[in-house]
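Below is one structure, written out as C-alpha coordinates; comments come after it.
The values are calculated or read from the model by the stated rules, or taken from the named source; none is laboratory data. Quick caveat: nothing in here was measured; it's all calculated off a predicted structure. No Cβ is skipped: glycine too gets one built from the backbone with ideal geometry, and neighbour counts run over all protein chains shown. To get the accessible areas, we keep the full protein, side chains included, count just its heavy atoms, and leave off ligands, DNA and RNA. Shrake-Rupley method; radii C 1.70, N 1.55, O 1.52, S 1.80 Å.
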Amino acid sequence: MRPTKIPVFFSTLPGVCMSFRAPKGTDDVLPPESRRWRELLRSWDLLAEQYGYAYVATPIFEATDLFARGVGEATEVVEKQMYSFRDKGGRHLTLRPEVTASVLRAYIQGGLSGEFKGAYSGPCFRYERPQEGRRRQFWQLGVEYLGAPDAEADLEVIELGYRYLLDCGLGDVVVHVNSIGDAPDRVAYHALLSGWLDERSHLLSKDAVRRIHTNPLRVLDSKADREVVADAPVPLDYLEGETAAHHDQLIAGLQERGIAHRHAPRLVRGLDYYNRTVFEYIPPSYAAAHNAVGGGGRYDGLSRLLGGGDLPGVGLALGLDRILSAAGQSPPARALDVFLVVADQERRSLAHAFARRLRAAGVRCDLVAGRRSVKAQFRAANRRDAALAVVIGAEWDRGMVTAKDLSSGDERTIPAGEVAAWVIGGPEGGR
Ligand code: HAM
(Lines give C-alpha, C1' and ligand atoms only; values in the text may rest on other atoms or scores of the structure.)
Protein backbone atom coordinates (compact mmCIF):
# COMPACT_ATOMS: atom_id res chain seq x y z
CA MET A 1 0.00 0.00 0.00
CA ARG A 2 2.76 2.41 0.98
CA PRO A 3 6.00 2.94 -0.97
CA THR A 4 8.58 0.53 0.32
CA LYS A 5 11.67 2.45 -0.65
CA ILE A 6 13.79 2.62 2.46
CA PRO A 7 16.00 5.64 2.96
CA VAL A 8 19.54 4.64 3.81
CA PHE A 9 21.56 6.72 6.22
CA PHE A 10 25.20 6.39 6.96
CA SER A 11 26.10 6.13 10.59
CA THR A 12 29.05 7.96 12.03
CA LEU A 13 30.63 4.55 12.58
CA PRO A 14 32.67 3.72 9.51
CA GLY A 15 31.16 0.93 7.42
CA VAL A 16 27.83 0.79 9.38
CA CYS A 17 24.68 1.49 7.34
CA MET A 18 21.26 2.07 9.01
CA SER A 19 17.82 2.28 7.49
CA PHE A 20 14.68 3.70 9.08
CA ARG A 21 11.01 2.90 8.76
CA ALA A 22 8.01 4.56 10.39
CA PRO A 23 7.17 2.82 13.71
CA LYS A 24 4.86 -0.20 13.50
CA GLY A 25 1.20 0.79 13.24
CA THR A 26 1.92 4.33 12.02
CA ASP A 27 1.59 5.72 8.50
CA ASP A 28 3.10 8.46 6.40
CA VAL A 29 0.54 10.48 4.49
CA LEU A 30 2.02 11.33 1.11
CA PRO A 31 0.65 12.81 -2.11
CA PRO A 32 -1.56 12.05 -3.96
CA GLU A 33 -3.49 10.43 -1.03
CA SER A 34 -2.65 13.38 1.21
CA ARG A 35 -4.90 15.60 -0.97
CA ARG A 36 -8.00 13.58 -0.10
CA TRP A 37 -6.84 13.56 3.52
CA ARG A 38 -6.60 17.38 3.58
CA GLU A 39 -9.94 17.66 1.81
CA LEU A 40 -11.62 15.57 4.52
CA LEU A 41 -10.01 17.61 7.30
CA ARG A 42 -11.07 20.88 5.68
CA SER A 43 -14.65 19.76 5.17
CA TRP A 44 -14.79 18.60 8.81
CA ASP A 45 -13.66 22.05 10.03
CA LEU A 46 -16.19 23.72 7.76
CA LEU A 47 -19.14 21.53 8.75
CA ALA A 48 -18.35 21.84 12.48
CA GLU A 49 -18.24 25.63 12.08
CA GLN A 50 -21.58 25.56 10.28
CA TYR A 51 -23.04 23.85 13.35
CA GLY A 52 -21.51 26.47 15.65
CA TYR A 53 -18.50 24.54 16.99
CA ALA A 54 -15.30 26.53 17.60
CA TYR A 55 -11.89 24.99 16.93
CA VAL A 56 -10.07 23.63 20.01
CA ALA A 57 -6.46 22.42 20.25
CA THR A 58 -5.17 20.57 23.30
CA PRO A 59 -1.74 19.01 23.97
CA ILE A 60 -0.83 15.69 22.38
CA PHE A 61 0.27 14.46 25.82
CA GLU A 62 -1.42 14.90 29.18
CA ALA A 63 -1.01 13.71 32.77
CA THR A 64 -1.56 9.94 32.76
CA ASP A 65 -4.08 10.36 35.57
CA LEU A 66 -6.40 12.40 33.33
CA PHE A 67 -7.07 9.36 31.18
CA ALA A 68 -6.93 6.84 34.04
CA ARG A 69 -9.70 8.80 35.79
CA GLY A 70 -11.58 10.12 32.79
CA VAL A 71 -11.58 7.13 30.45
CA GLY A 72 -11.58 4.63 33.35
CA GLU A 73 -8.96 2.38 35.01
CA ALA A 74 -10.86 -0.76 34.02
CA THR A 75 -11.06 0.03 30.29
CA GLU A 76 -8.96 -1.70 27.70
CA VAL A 77 -7.63 1.67 26.54
CA VAL A 78 -6.19 2.48 29.97
CA GLU A 79 -5.25 -1.07 30.95
CA LYS A 80 -3.47 -2.06 27.77
CA GLN A 81 -3.22 0.62 25.13
CA MET A 82 -1.67 3.77 26.54
CA TYR A 83 1.68 5.14 25.49
CA SER A 84 2.78 6.28 28.94
CA PHE A 85 6.17 7.56 29.97
CA ARG A 86 7.96 9.69 32.51
CA ASP A 87 9.54 12.93 31.39
CA LYS A 88 12.90 14.14 32.61
CA GLY A 89 11.15 15.81 35.57
CA GLY A 90 9.65 12.47 36.62
CA ARG A 91 6.08 13.39 35.62
CA HIS A 92 3.79 10.56 34.48
CA LEU A 93 2.55 11.50 31.02
CA THR A 94 0.57 9.74 28.28
CA LEU A 95 0.16 10.36 24.55
CA ARG A 96 -3.56 11.04 24.26
CA PRO A 97 -5.58 7.93 23.34
CA GLU A 98 -8.63 10.20 22.76
CA VAL A 99 -9.54 13.87 23.10
CA THR A 100 -12.76 14.17 25.16
CA ALA A 101 -11.00 14.12 28.55
CA SER A 102 -8.55 16.77 27.31
CA VAL A 103 -11.34 19.10 26.13
CA LEU A 104 -13.05 18.81 29.52
CA ARG A 105 -9.74 19.43 31.29
CA ALA A 106 -9.12 22.51 29.12
CA TYR A 107 -12.65 23.85 29.81
CA ILE A 108 -12.20 23.44 33.57
CA GLN A 109 -8.62 24.79 33.59
CA GLY A 110 -9.60 27.75 31.38
CA GLY A 111 -12.30 28.76 33.88
CA LEU A 112 -14.98 28.60 31.16
CA SER A 113 -18.61 28.44 32.13
CA GLY A 114 -21.94 27.70 30.52
CA GLU A 115 -22.47 26.12 27.12
CA PHE A 116 -19.42 25.40 25.02
CA LYS A 117 -19.20 23.79 21.59
CA GLY A 118 -15.69 22.69 20.60
CA ALA A 119 -14.40 20.87 17.50
CA TYR A 120 -11.02 19.26 16.97
CA SER A 121 -8.97 17.05 14.70
CA GLY A 122 -5.62 15.48 15.36
CA PRO A 123 -3.62 12.35 16.06
CA CYS A 124 -4.34 9.94 18.92
CA PHE A 125 -2.28 6.98 20.07
CA ARG A 126 -3.24 3.51 21.19
CA TYR A 127 -0.99 0.49 21.48
CA GLU A 128 -3.12 -1.94 19.48
CA ARG A 129 -2.35 -4.91 17.25
CA PRO A 130 -1.97 -3.07 13.94
CA GLN A 131 -4.28 -3.98 11.06
CA GLU A 132 -6.44 -2.09 8.62
CA GLY A 133 -8.47 0.48 10.54
CA ARG A 134 -6.57 -0.21 13.76
CA ARG A 135 -3.45 1.88 13.91
CA ARG A 136 -1.15 2.88 16.75
CA GLN A 137 -1.29 6.49 15.60
CA PHE A 138 -4.63 7.46 14.06
CA TRP A 139 -6.53 10.67 13.43
CA GLN A 140 -9.72 11.62 15.15
CA LEU A 141 -12.20 14.31 14.09
CA GLY A 142 -14.50 15.21 16.94
CA VAL A 143 -16.87 17.61 18.61
CA GLU A 144 -17.82 18.09 22.26
CA TYR A 145 -21.01 19.89 23.26
CA LEU A 146 -20.70 20.91 26.93
CA GLY A 147 -23.39 22.33 29.20
CA ALA A 148 -26.42 21.00 27.30
CA PRO A 149 -28.43 18.32 29.15
CA ASP A 150 -31.22 17.99 26.58
CA ALA A 151 -31.66 15.12 24.11
CA GLU A 152 -31.65 17.77 21.36
CA ALA A 153 -27.91 18.19 21.97
CA ASP A 154 -27.37 14.42 21.47
CA LEU A 155 -29.37 14.68 18.27
CA GLU A 156 -27.36 17.59 16.95
CA VAL A 157 -24.08 15.77 17.55
CA ILE A 158 -25.33 12.55 15.93
CA GLU A 159 -26.72 14.49 12.95
CA LEU A 160 -23.44 16.35 12.43
CA GLY A 161 -21.39 13.11 12.28
CA TYR A 162 -24.01 11.46 10.07
CA ARG A 163 -24.06 14.34 7.58
CA TYR A 164 -20.29 14.38 7.44
CA LEU A 165 -20.10 10.65 6.70
CA LEU A 166 -22.74 10.97 3.96
CA ASP A 167 -20.73 13.85 2.46
CA CYS A 168 -17.62 11.61 2.55
CA GLY A 169 -19.45 9.09 0.37
CA LEU A 170 -20.51 6.60 3.07
CA GLY A 171 -24.11 6.57 1.83
CA ASP A 172 -25.05 3.35 3.65
CA VAL A 173 -23.99 4.42 7.15
CA VAL A 174 -26.34 3.44 9.99
CA VAL A 175 -26.24 4.92 13.48
CA HIS A 176 -26.35 2.16 16.11
CA VAL A 177 -27.80 3.70 19.23
CA ASN A 178 -28.48 2.66 22.81
CA SER A 179 -28.99 4.10 26.27
CA ILE A 180 -26.96 2.76 29.19
CA GLY A 181 -28.87 4.83 31.74
CA ASP A 182 -27.69 7.11 34.53
CA ALA A 183 -25.57 6.18 37.56
CA PRO A 184 -28.63 5.53 39.84
CA ASP A 185 -30.30 3.26 37.24
CA ARG A 186 -27.04 1.46 36.88
CA VAL A 187 -26.48 0.52 40.55
CA ALA A 188 -29.42 -1.86 40.49
CA TYR A 189 -28.81 -2.95 36.91
CA HIS A 190 -25.09 -3.68 37.49
CA ALA A 191 -25.89 -5.84 40.50
CA LEU A 192 -28.45 -7.73 38.42
CA LEU A 193 -26.07 -8.12 35.47
CA SER A 194 -23.11 -9.16 37.66
CA GLY A 195 -25.29 -11.85 39.27
CA TRP A 196 -26.51 -13.06 35.86
CA LEU A 197 -22.92 -13.23 34.56
CA ASP A 198 -21.63 -14.91 37.75
CA GLU A 199 -24.06 -17.77 37.20
CA ARG A 200 -22.56 -18.30 33.74
CA SER A 201 -18.91 -17.55 34.55
CA HIS A 202 -17.85 -21.07 33.48
CA LEU A 203 -19.00 -20.19 29.93
CA LEU A 204 -17.33 -16.79 29.73
CA SER A 205 -13.91 -15.75 28.41
CA LYS A 206 -11.14 -14.96 30.92
CA ASP A 207 -11.43 -11.22 30.21
CA ALA A 208 -15.20 -11.32 30.78
CA VAL A 209 -14.83 -13.15 34.11
CA ARG A 210 -12.35 -10.52 35.26
CA ARG A 211 -14.88 -7.80 34.38
CA ILE A 212 -17.93 -9.32 36.11
CA HIS A 213 -17.38 -7.15 39.18
CA THR A 214 -15.26 -4.30 37.81
CA ASN A 215 -16.98 -3.45 34.53
CA PRO A 216 -19.87 -5.86 33.83
CA LEU A 217 -21.37 -3.62 31.12
CA ARG A 218 -18.34 -4.24 28.90
CA VAL A 219 -19.09 -7.97 28.85
CA LEU A 220 -22.26 -7.18 26.90
CA ASP A 221 -20.36 -6.17 23.77
CA SER A 222 -17.48 -8.66 24.13
CA LYS A 223 -17.12 -10.42 20.76
CA ALA A 224 -15.75 -13.56 22.43
CA ASP A 225 -18.85 -13.88 24.63
CA ARG A 226 -21.53 -12.94 22.11
CA GLU A 227 -23.46 -16.20 22.33
CA VAL A 228 -23.44 -16.38 26.13
CA VAL A 229 -24.72 -12.82 26.59
CA ALA A 230 -27.26 -12.99 23.76
CA ASP A 231 -30.13 -13.04 26.28
CA ALA A 232 -28.55 -11.17 29.17
CA PRO A 233 -30.63 -8.37 30.70
CA VAL A 234 -29.96 -5.14 28.73
CA PRO A 235 -29.72 -1.61 30.19
CA LEU A 236 -32.62 -0.20 28.16
CA ASP A 237 -35.09 -2.42 30.06
CA TYR A 238 -34.02 -0.86 33.39
CA LEU A 239 -34.17 2.87 32.61
CA GLU A 240 -36.00 5.14 35.07
CA GLY A 241 -38.52 7.86 34.09
CA GLU A 242 -36.39 10.81 32.98
CA THR A 243 -33.68 8.66 31.44
CA ALA A 244 -36.26 6.66 29.50
CA ALA A 245 -37.92 9.91 28.30
CA HIS A 246 -34.51 11.21 27.13
CA HIS A 247 -34.02 8.08 25.06
CA ASP A 248 -37.55 8.19 23.60
CA GLN A 249 -37.02 11.82 22.58
CA LEU A 250 -33.72 10.86 20.94
CA ILE A 251 -35.28 8.04 18.90
CA ALA A 252 -38.21 10.25 17.83
CA GLY A 253 -35.72 12.95 16.76
CA LEU A 254 -33.64 10.49 14.72
CA GLN A 255 -36.78 9.41 12.91
CA GLU A 256 -37.90 12.98 12.31
CA ARG A 257 -34.50 13.98 10.92
CA GLY A 258 -34.35 11.01 8.55
CA ILE A 259 -31.18 9.59 10.15
CA ALA A 260 -30.79 5.88 9.39
CA HIS A 261 -30.50 4.22 12.80
CA ARG A 262 -30.92 0.95 14.60
CA HIS A 263 -31.38 0.12 18.25
CA ALA A 264 -28.31 -1.81 19.46
CA PRO A 265 -29.28 -3.15 22.93
CA ARG A 266 -25.81 -4.46 23.74
CA LEU A 267 -23.83 -1.42 22.57
CA VAL A 268 -22.00 0.00 25.61
CA ARG A 269 -18.78 1.48 24.12
CA GLY A 270 -15.26 0.97 25.44
CA LEU A 271 -14.83 4.10 27.54
CA ASP A 272 -16.23 4.41 31.06
CA TYR A 273 -17.42 8.00 31.10
CA TYR A 274 -20.71 7.50 29.28
CA ASN A 275 -24.23 7.71 30.64
CA ARG A 276 -27.55 7.65 28.80
CA THR A 277 -26.92 7.90 25.03
CA VAL A 278 -24.20 5.89 23.32
CA PHE A 279 -23.92 5.51 19.56
CA GLU A 280 -21.67 4.29 16.76
CA TYR A 281 -21.63 4.90 13.02
CA ILE A 282 -21.53 1.64 11.09
CA PRO A 283 -21.27 1.54 7.30
CA PRO A 284 -22.31 -2.08 6.53
CA SER A 285 -20.09 -2.13 3.41
CA TYR A 286 -16.98 -1.56 5.53
CA ALA A 287 -15.87 -5.06 6.31
CA ALA A 288 -12.72 -4.34 8.34
CA ALA A 289 -12.28 -6.12 11.67
CA HIS A 290 -13.57 -3.12 13.56
CA ASN A 291 -16.36 -1.66 11.53
CA ALA A 292 -17.38 1.50 13.43
CA VAL A 293 -16.01 4.58 11.71
CA GLY A 294 -16.95 6.73 14.67
CA GLY A 295 -18.82 6.84 17.93
CA GLY A 296 -19.71 8.89 20.92
CA GLY A 297 -22.24 9.54 23.61
CA ARG A 298 -23.25 11.54 26.64
CA TYR A 299 -20.92 11.95 29.63
CA ASP A 300 -22.70 14.02 32.28
CA GLY A 301 -20.45 12.80 35.12
CA LEU A 302 -17.05 13.37 33.51
CA SER A 303 -16.60 16.99 34.58
CA ARG A 304 -17.04 16.09 38.30
CA LEU A 305 -14.60 13.19 37.91
CA LEU A 306 -12.00 15.61 36.59
CA GLY A 307 -12.45 18.15 39.37
CA GLY A 308 -14.99 20.46 37.66
CA GLY A 309 -18.55 21.32 38.59
CA ASP A 310 -21.72 19.66 37.33
CA LEU A 311 -21.56 19.95 33.57
CA PRO A 312 -23.45 17.73 31.16
CA GLY A 313 -21.72 16.89 27.91
CA VAL A 314 -22.16 14.92 24.72
CA GLY A 315 -19.78 14.38 21.82
CA LEU A 316 -18.44 12.18 19.09
CA ALA A 317 -15.20 11.23 17.41
CA LEU A 318 -14.73 9.84 13.90
CA GLY A 319 -11.63 7.95 12.74
CA LEU A 320 -10.14 9.55 9.65
CA ASP A 321 -8.12 6.42 8.76
CA ARG A 322 -11.26 4.29 8.83
CA ILE A 323 -13.32 6.81 6.86
CA LEU A 324 -10.65 6.83 4.16
CA SER A 325 -10.57 3.05 3.87
CA ALA A 326 -14.36 2.72 4.06
CA ALA A 327 -15.04 5.46 1.49
CA GLY A 328 -12.23 4.37 -0.82
CA GLN A 329 -10.01 6.85 -2.58
CA SER A 330 -12.10 8.95 -4.91
CA PRO A 331 -9.91 10.12 -7.80
CA PRO A 332 -8.05 13.02 -6.27
CA ALA A 333 -8.45 16.47 -7.78
CA ARG A 334 -5.42 17.80 -9.67
CA ALA A 335 -2.60 18.94 -7.40
CA LEU A 336 -2.15 22.27 -9.21
CA ASP A 337 -4.44 24.42 -11.33
CA VAL A 338 -1.72 26.09 -13.38
CA PHE A 339 1.92 25.40 -14.14
CA LEU A 340 3.70 28.35 -15.76
CA VAL A 341 6.12 27.51 -18.56
CA VAL A 342 8.55 30.33 -19.28
CA ALA A 343 9.52 30.27 -22.97
CA ASP A 344 11.82 33.32 -22.87
CA GLN A 345 14.08 33.24 -19.88
CA GLU A 346 14.24 37.05 -19.71
CA ARG A 347 10.55 36.94 -18.77
CA ARG A 348 11.18 34.91 -15.58
CA SER A 349 10.53 37.78 -13.19
CA LEU A 350 7.33 38.65 -15.12
CA ALA A 351 6.30 35.02 -14.73
CA HIS A 352 6.88 35.17 -10.97
CA ALA A 353 4.80 38.36 -10.74
CA PHE A 354 2.04 36.64 -12.79
CA ALA A 355 2.19 33.60 -10.44
CA ARG A 356 1.71 35.91 -7.45
CA ARG A 357 -1.34 37.48 -9.14
CA LEU A 358 -2.87 34.11 -9.89
CA ARG A 359 -2.25 32.85 -6.33
CA ALA A 360 -3.85 36.02 -4.94
CA ALA A 361 -6.91 35.17 -7.08
CA GLY A 362 -7.06 31.73 -5.40
CA VAL A 363 -5.38 29.76 -8.20
CA ARG A 364 -2.98 26.97 -7.16
CA CYS A 365 -0.03 27.85 -9.33
CA ASP A 366 3.64 26.93 -9.58
CA LEU A 367 6.67 27.07 -11.88
CA VAL A 368 10.13 25.53 -11.83
CA ALA A 369 12.90 27.25 -9.91
CA GLY A 370 15.75 28.21 -12.23
CA ARG A 371 16.24 28.09 -15.98
CA ARG A 372 15.05 24.96 -17.80
CA SER A 373 14.14 24.11 -21.37
CA VAL A 374 10.47 24.43 -22.39
CA LYS A 375 10.32 20.64 -22.80
CA ALA A 376 11.64 20.09 -19.26
CA GLN A 377 9.08 22.59 -17.91
CA PHE A 378 6.21 20.72 -19.65
CA ARG A 379 7.53 17.47 -18.16
CA ALA A 380 7.53 19.12 -14.73
CA ALA A 381 3.94 20.37 -15.32
CA ASN A 382 2.79 16.81 -15.97
CA ARG A 383 4.78 15.33 -13.11
CA ARG A 384 3.35 17.90 -10.72
CA ASP A 385 -0.16 16.96 -11.85
CA ALA A 386 -1.20 20.41 -13.07
CA ALA A 387 -4.50 20.91 -14.92
CA LEU A 388 -3.22 23.69 -17.22
CA ALA A 389 0.20 24.62 -18.56
CA VAL A 390 0.37 28.33 -19.34
CA VAL A 391 3.21 29.40 -21.62
CA ILE A 392 4.66 32.85 -21.17
CA GLY A 393 6.42 33.78 -24.40
CA ALA A 394 6.56 36.48 -27.08
CA GLU A 395 2.75 37.02 -27.08
CA TRP A 396 3.02 38.28 -23.50
CA ASP A 397 3.87 41.70 -25.01
CA ARG A 398 0.29 41.75 -26.41
CA GLY A 399 -1.08 40.69 -23.01
CA MET A 400 -1.61 37.11 -24.26
CA VAL A 401 -0.49 33.64 -23.08
CA THR A 402 -0.92 30.14 -24.51
CA ALA A 403 -2.89 27.87 -22.20
CA LYS A 404 -2.83 24.10 -22.70
CA ASP A 405 -5.26 21.73 -20.98
CA LEU A 406 -2.96 18.88 -19.96
CA SER A 407 -5.72 16.26 -19.99
CA SER A 408 -7.35 17.00 -23.35
CA GLY A 409 -4.42 18.69 -25.09
CA ASP A 410 -6.79 21.58 -25.99
CA GLU A 411 -4.60 24.64 -26.54
CA ARG A 412 -5.58 28.30 -26.95
CA THR A 413 -3.99 31.72 -26.91
CA ILE A 414 -5.98 33.80 -24.46
CA PRO A 415 -5.61 37.13 -22.64
CA ALA A 416 -3.42 36.66 -19.53
CA GLY A 417 -6.22 38.22 -17.50
CA GLU A 418 -8.54 35.29 -18.40
CA VAL A 419 -6.37 32.46 -17.02
CA ALA A 420 -7.97 32.55 -13.57
CA ALA A 421 -11.44 32.46 -15.18
CA TRP A 422 -10.43 29.41 -17.31
CA VAL A 423 -9.29 27.64 -14.16
CA ILE A 424 -12.64 28.27 -12.51
CA GLY A 425 -15.01 27.95 -15.46
CA GLY A 426 -13.14 25.93 -18.12
CA PRO A 427 -11.97 27.21 -21.55
CA GLU A 428 -15.17 29.28 -22.01
CA GLY A 429 -14.98 30.62 -18.45
CA GLY A 430 -13.15 33.78 -19.47
CA ARG A 431 -15.60 34.74 -22.23
P1 HAM B 1 -13.67 5.73 20.31
O2 HAM B 1 -14.82 4.90 19.84
O3 HAM B 1 -12.69 5.09 21.20
O4 HAM B 1 -14.31 7.01 20.99
O5 HAM B 1 -12.92 6.29 19.05
C6 HAM B 1 -13.62 7.01 18.06
C7 HAM B 1 -13.18 6.56 16.68
O8 HAM B 1 -11.77 6.69 16.55
C9 HAM B 1 -13.45 5.10 16.36
O10 HAM B 1 -14.78 4.89 15.96
C11 HAM B 1 -12.48 4.85 15.23
O12 HAM B 1 -13.00 5.33 14.01
C13 HAM B 1 -11.30 5.70 15.64
N14 HAM B 1 -10.29 4.84 16.27
C15 HAM B 1 -10.21 4.44 17.55
N16 HAM B 1 -9.13 3.66 17.74
C17 HAM B 1 -8.52 3.56 16.54
C18 HAM B 1 -7.34 2.90 16.07
N19 HAM B 1 -6.55 2.21 16.86
N20 HAM B 1 -7.02 3.01 14.74
C21 HAM B 1 -7.80 3.74 13.90
N22 HAM B 1 -8.91 4.39 14.29
C23 HAM B 1 -9.27 4.30 15.59
C24 HAM B 1 -13.57 8.04 21.52
O25 HAM B 1 -12.38 8.17 21.40
C26 HAM B 1 -14.43 9.06 22.25
N27 HAM B 1 -13.54 10.12 22.76
C28 HAM B 1 -15.51 9.62 21.35
C29 HAM B 1 -16.33 10.65 22.05
C30 HAM B 1 -16.24 11.99 21.90
N31 HAM B 1 -17.26 10.41 22.94
C32 HAM B 1 -17.75 11.55 23.37
N33 HAM B 1 -17.10 12.52 22.76
Across all Cα atoms of the stretch 233-273, Rg and the largest Cα-Cα distance (Dmax), in Å, are 11.6, 30
Taking the mean number of other Cβ atoms within 10 Å as a proxy for protection, how do you rank 336-348, 405-417 from highest to lowest?
336-348, 405-417
Given that compact globular proteins tend to follow 2.2 N^0.38 Å, what is the ratio of the alpha-carbon Rg of the stretch 260-364 to that value?
1.92
Determine the gain in length on full extension of the stretch Arg359-Tyr127; use 0.36 nm per residue of separation and subtract their C-alpha separation, reporting nm with one decimal.
79.3 nm
Distance in nm between pseudo-label sites at Tyr51 and Asn291 (7 Å out along the Cβ direction from Cα):
2.4
Where Rh is the Kirkwood radius over the Cα pairs of the chain, the temperature 25 °C and the viscosity 0.890 mPa s, what D in µm²/s does Stokes-Einstein return?
98
per DSSP, antiparallel bridges as share of beta bridges in the chain, % nearest 5, sits at 80
Alpha carbon centre of the stretch 70-120 versus the stretch 135-164: separation in Å?
17
Residues of the stretch 68-89 with amide nitrogen under 19 Å from the 7 Å Cα-to-Cβ point of Thr26?
81-88
Sorted from largest down, give the three principal axis spans of the alpha carbons of the stretch 137-225, whole angstrom values.
47, 29, 26
Which number do you get for Rg(Cα) / (2.2 N^0.38 Å) in the stretch 287-431?
1.66
Separation between Cα centres of the stretch 351-375 and the stretch 204-222, rounded to whole Å
62
Is the stretch 111-153 best put as rounded, prolate or oblate by its Cα gyration tensor, with a ≥ b ≥ c the root eigenvalues, rounded for a/c under 1.5, and otherwise prolate when a/b is larger than b/c, oblate when not?
prolate
So what are the three principal axis dimensions of the stretch 201-300 from its Cα atoms, in whole Å, longest to shortest?
45, 37, 24
At 7 Å along the Cα-to-beta-carbon direction for both Gln249 and Leu41, put a label point, then send me their distance in nm to one decimal.
3.7
Give, in nm to one decimal, the length gained when the segment between Asp405 and Lys88 is fully stretched (0.36 nm per residue of separation minus the Cα-Cα distance).
108.4 nm
With just the Cα atoms defining each centre, how far is the stretch 401-425 from the stretch 243-299? Give it in Å.
50
Can you quote the Å³ per residue value for the convex hull of the Cα atoms in the stretch 356-431, rounded to an integer?
99
Going by the alpha-carbon gyration tensor, a ≥ b ≥ c the square roots of its eigenvalues, is the stretch 324-377 rounded (a/c under 1.5) or, if a/c is not under 1.5, prolate (a/b greater than b/c) versus oblate?
oblate
Where a ≥ b ≥ c are root eigenvalues of the Cα gyration tensor, a/c under 1.5 meaning rounded, otherwise prolate if a/b exceeds b/c and oblate otherwise, the stretch 19-99 counts as oblate
What order do you get for 369-375, 352-358, 167-173 when each peptide is scored by the mean count of other beta carbon atoms within 10 Å, highest first?
167-173, 352-358, 369-375
May I ask you to give the percent of accessible area on the chain that is carbon plus sulfur, with a probe radius of 1.4 Å?
53
What spacing in nm lies between the two simple spin-label points modelled at Asp385 and Asp198, each 7 Å away from Cα in the Cβ direction?
6.1
Out of all Cα-Cα pairs in the stretch 88-176, roughly what percent, to the nearest whole number, are more than 19 Å apart?
57
